[in-house]
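Worksheet: one structure, shown below.
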Amino acid sequence: MKTRFTLLFLLVTGLAFSQTPTRPKWKIPETVAQRLVVVPTRLYVGFDMGYYHNSRSGSEMGGRILNAFRFNRELVPGLTLGWHLNRRVSLETGIYNLPSTLDYKVEIHPTSSELGGLGIQYAMIPLRLRYRIWQPTRWLTANAQIGVALAFNNKIQKGRFERFNAVYPPVWGDTMQVTDNAVMIHNFSPLLEAGLELNARLNTHLSFILYGRGLVGLQTLWRNEITYQINQEAPRQTSLSARAGGYTLGLGLRFTFKTGKRYRTVWD
């Protein structure tokens, strides 16, 4: 009896499901489809290598006896990741090894001795908007860039992190004592960024980039507090502030690939 009841139940259930109407799949109306264009969604990854220079060259103290300056000419490698939002606009981020606009050296003349050659590297994560401003040919475009960035170095705690003392006898017949204190003020700093780039498309996926970008740091990152004393004279003090800022000229490669598709109207 149980077996017959089970078979009857399965039969009735199967008939009921077979009569359930199947919902048709939604399709774009033909009148709308005629005015739509299928556009692939594109991402790109890339590599940058720039030459970095700081606009501030140095500071002089004590006339010909003591010079303190910073030299900031370094290579800046970086990885990029971008999204093409439409035909003209893309959003880009990445990570860069930002040189410390922060590399200081103190020279004692005429002995040419050096102290305080201290450089700190920061990582930088940008968020920039790229807008196509010129396209003379299908393979060459010019883009303007504007954005914000964050520079950070969390390995050094705030406060004094390096102290250097040196005595140089003689300097112009005198003895000079120099004390150099390095003080960390901020481990993080927001930056403003703007630039221009030329994009030469080599093929469907690969592009060659020539770019120039400028950076302006909004916070002082660290400073050097320098004290020097000649013989028994009163000590003299000065300080050199370190702030991320300068400009970069560089080259890059971009590899573009499709990740899906989207629709736009013929009037977009």
Once Lys and Arg are counted +1 and Asp and Glu -1 for all other residues with Cβ under 11 Å from that of Ile133, the total becomes +2
A student applying the Cα gyration tensor rule (rounded when a/c is under 1.5; otherwise prolate if a/b is larger than b/c, oblate if not) would label segment 149-268 prolate
Expected vector for segment 246-261, Karplus 3J(HN,Hα) from phi with 6.51, -1.76, 1.60 and θ = phi - 60°, integer Hz, x for Gly and Pro, equals x, 9, 10, 10, x, 10, x, 10, 10, 10, 9, 9, 8, 10, x, 8
Computed on Cα atoms, the radius of gyration and Dmax of segment 151-202 in angstrom are 21.2, 64
One finds the C-alpha centres of segment 118-137 and segment 187-263 to be spaced, in Å, by 9 Å
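Values quoted throughout were computed directly from the atomic coordinates according to the rules given, and no laboratory measurement underlies them. Predicted model, so just to flag it, every value in this text is computed and none were measured. Virtual Cβ from ideal backbone geometry, glycine too; neighbours counted across all protein chains shown.
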